[in-house]
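Shown next, in structure tokens, is the structure this report addresses.
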Ligand code: B3K
Ligand code: ZN
């Protein structure tokens, strides 16, 4: 397979001004006639007069140049992935008409035009348009599109594409046609077409300048009752982007279509977003509070792309983080404003510190702007998205909210209608603020997670505190040595009595906190006017994507857990406290010693329980132990069993010793507030279910009864699923019965059945692996549906370390078998599943050998896709 390099970028040799597409739809034989108005790009430096268009799996029917010149075999060359026309006009624009056939039904890769439950839909990002017709399939070729769709009226009553509907009519033989015109120039990856038996929910939004925008959500008929939340989320997002970024919507129509078969979350096609049903459909009894939050977040994300992605797009795919990092930052802030800022920040950092840090420390580490790829779809990673958002967040921290807004305003003003680079974004931030971000730019080019060390020295005579910070970034593939980065470290001080101490840097103003700008490998900052030595609170709000190496004594962590006014650091102090205690128990477990939990931890949690919290979701997070995955990241050689049993020992000790307050809290908040989604009701459900999960560790009849009661009486999915999870994760006499009744209750709701699969695949109880094997043969399992694959195979391999990493290696073999099966059906999904094997170096020798053997087996399989090949080969390197 061929590697593509950023350093090889050249401008396109030709431009496309106008695209006129004509689709005659059929499940197995769709005809596409594409009429391209093109010209030589004046900026091109090549002297070659041929034209190469990208195209895959297309049946070419004819090629016509300038209306009447039908080209013959000798005029062009067809390769498996291109069409090369030997000679095209160089001095004036020309029209190229191409007719080709495609087979959507055979398209199980779900890229290009494909079938999902009888409806036809497209997915073109990153390079799917070439599976529809021959084209200059690169984001820096922007054109205006007119699309006419003709189809049978019964099978495809609804025909959608980007922009505005400009014409429609009936044809003989029960056929009809619709024409769509998108007035905004766009790259072909933003093209979309949807056709099928869809029903629609309609509403409107009045923009700040008084324009009425029609909003439509298209779903299958039986899902019409699950669109209300998505619609409200869209309106919230539209209002938020006006208020926070001054961005107004630009077309008169905004459409969202929900489809069941989708490789990822959603797609921001201009005016016609296509969504995974998972991020649209919600009803109180079918979707959890977390689902409600994710739907609003993803609807926001795709909406925000209209400005950060569509109006201004990427020059090339190496710049992916330009749109994704910025848009994730925007959706994170949106969700924080809509829900709880404190909780949202913790959830985002949790994900970053477990999954993205692992990526950054492993064989697939890459900068947020990668230098090279074999398959671009493999680079829609946590690094490009989540770390990319952290880089944007650091700019926000460094420049302040106003400075950042000035920068984004200038970015929109300078680059509207263009395809640009990450560097253009940073330049706009610089220019608007008169800032020098040259060192900051290294974040775009360097992979790996920097480690920050902190040393403090208090000088009682001078009343100063010296903080010496140092940075070190471990080597990553292809980057043995790193340059120092500009790292903003938000820091505050707390007096011994728990009151905040003011921070004053030399010549600075006194403030509640300061942003220390670390630019050197080691640097000392002096804080003045301190009558006593304070406790430092470093990296508040997680102000940079780094690892803080501070070995604090347990009592200092307990102090911060009680007193830090920064909600993030307060929570993190509890996490670090628990990590230290659990780490000690991991060693005890490995030594075969008894697992005795440090009373200091119990006491700290007791205090948390006694505090009158207002934000109960935040309270729930404070009560939640670090996940097994986070603990995995803290170990040199990962021991999944020791992690699981040590963490369980702590959870059980907390349940035993804090039984009374946990019970009281459960009973206090155990009420039916189904259908209420305000922060109060969500928080009450969350803390109640956190208590139930602790109490379940007591394995007592009465708790089993509580769980069963809750399961049977719940009228909302949050409570029902929380109860089911407790029942399935602990020995419970009614376990199978509950699973069966849940299945019966929800067999017609695919998204709920996904949860049913996931719950079983995630259980720590013995027999889970056998259960997963049985579920593969369950009639509801369908390897062609990515949500189902993720709910069973993904959940087992990525969220059940105890069983996936069973010493026998059966989990690894099982996963490799599934990857090979998926490889020929859906390479993108197959490649995602390889993720669970890539961290093989982190395990003991025996497991390393077993995991490696499966990776080797994968790459030596004939006809392996480049998607799977790239991930497997790089993880072995
Ligand atoms: N831009 C799409 C992701 C496309 C993934 C292609 N493999 C969704 C998003 O980030 O909004
Ligand atoms: Zn995105």
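No value in this document is a laboratory result; all are computed from the given coordinates. Here the structure is a predicted model, which means the values were calculated and not measured. For neighbour counting, all protein chains shown are included, and Cβ atoms are generated from backbone atoms with ideal geometry for every residue, glycine included.
Pairwise over distinct Cα atoms, reciprocal of the mean inverse distance: report the Kirkwood radius of segment 748-877 in Å, one decimal place.
14.8 Å is the Kirkwood radius here.
Express in nm, to one decimal, how much length is gained between residue 202 and residue 549 on full extension, taking 0.36 nm for each residue of separation and deducting their alpha carbon distance.
119.7 nm
Gap in Å between the Cα centre of segment 266-290 and the Cα centre of segment 527-596?
For segment 527-596 versus segment 266-290, the Cα centre distance is 38 Å.
Restricting to Cα pairs below 8 Å that are 6+ residues apart, what does the relative contact order work out to for segment 424-562? Please round to a whole percent.
27
Stretch residue 594-residue 672 to full length: gain in nm at 0.36 nm per residue minus the Cα-Cα span?
So the chain would gain 23.9 nm between residue 594 and residue 672.
Would you list 305, 644 from fewest to most Cβ contacts within 10 Å?
644, 305
As a footprinting exposure proxy, order 799, 808, 116 by other Cβ within 10 Å, with the fewest listed first.
808, 799, 116
What does the highest-first list of 74-80, 766-772, 818-824 look like by mean Cβ count within 10 Å?
Top to bottom by mean Cβ count within 10 Å: 818-824, 766-772, 74-80.
I need the semi-axes of the equivalent ellipsoid of segment 1-197: take the C-alpha gyration tensor, multiply each eigenvalue by 5, square-root it, list largest first in whole angstrom.
The three semi-axes for segment 1-197 are 28, 18, 17 Å.
How big is segment 561-703 by Rg and Dmax over its Cα atoms, in Å?
Taking only Cα atoms of segment 561-703, I get Rg and Dmax of 15.7, 50 Å.
List the relative contact order of the chain as a percent without decimals, with contacts defined as Cα pairs under 8 Å and 6+ residues apart.
So the answer I get is 8 percent.
How big is D, in µm² s⁻¹, for the chain by Stokes-Einstein at 25 °C and 0.890 mPa s if Rh is the Kirkwood radius over C-alpha pairs?
My calculation gives 84 µm²/s for D.
Provide the three semi-axes, in whole Å and in decreasing order, of the ellipsoid equivalent to segment 657-707 as defined by the square roots of 5 times the Cα gyration tensor eigenvalues.
They are 22, 11, 8 Å, listed from largest to smallest.
Relative contact order for segment 98-158 using alpha-carbon pairs under 8 Å, separation at least 6, rounded to a whole percent?
Once divided by the residue count of segment 98-158, the mean separation gives 23 percent.
Express the Stokes-Einstein translational diffusion coefficient of segment 49-114 in µm² s⁻¹, to the nearest whole number, given a Kirkwood radius over alpha-carbon pairs, 10 °C and a viscosity of 1.306 mPa s.
121
So for the pair residue 24, residue 511, with labels modelled 7 Å out along Cα→Cβ, what separation do we get in nm?
The answer from the label model is 6.7 nm.
For segment 246-397, what class follows from the C-alpha gyration tensor (a ≥ b ≥ c being the square roots of its eigenvalues): rounded when a/c is under 1.5, otherwise prolate if a/b is larger than b/c, else oblate?
rounded
Going by how many other beta carbons lie within 10 Å of each one, how would you line up 344, 652, fewest first?
652, 344
For segment 481-530, what is one quarter of the convex hull surface built on the Cα atoms, given in nm²?
4.2
In degrees between 0 and 90, to the nearest 10, how far off the longest principal axis of the chain does helix 341-351 point, with axes built from Cα atoms?
Computed tilt is about 80 degrees.
Using the basic label-point model (7 angstrom from Cα toward the beta carbon), what is the residue 848 to residue 614 distance in nanometres?
It is 5.2 nm.
What does the C-alpha gyration tensor say about the overall shape of segment 166-304? Classify as rounded when a/c is under 1.5, otherwise prolate if a/b is larger than b/c, or oblate.
oblate
For the chain, give the share of DSSP beta bridges that are antiparallel, in percent and rounded to the nearest 5; count only bridges with both residues there.
80
Highest mean first, how do 207-220, 448-461 rank when packing is the count of other Cβ atoms within 10 Å averaged over residues?
Highest to lowest by the protection proxy: 207-220, 448-461.
Calculate for the chain the 222 nm mean residue ellipticity that helices alone would give, adding -39,500 (n - 2.57) per DSSP H run of length 4 or more and normalising by residue count, nearest 500 deg cm²/dmol.
-12000 deg cm²/dmol
Rounded to the nearest 0.05, what FRET efficiency is calculated for residue 60 and residue 737 with R0 set to 60 Å and r the Cβ-Cβ distance?
Efficiency, rounded to the nearest 0.05: 0.55.
On a 0 to 90° scale, report how tilted helix 701-713 is relative to the longest principal axis of the chain, with both axes built from alpha carbons and the result rounded to the nearest 10.
30
Take each of the peptides 295-302, 311-318, 60-67, average the number of other beta-carbon atoms within 10 Å over its residues, and list them starting from the highest.
Ranked from most to least packed, the peptides come out as 295-302, 311-318, 60-67.
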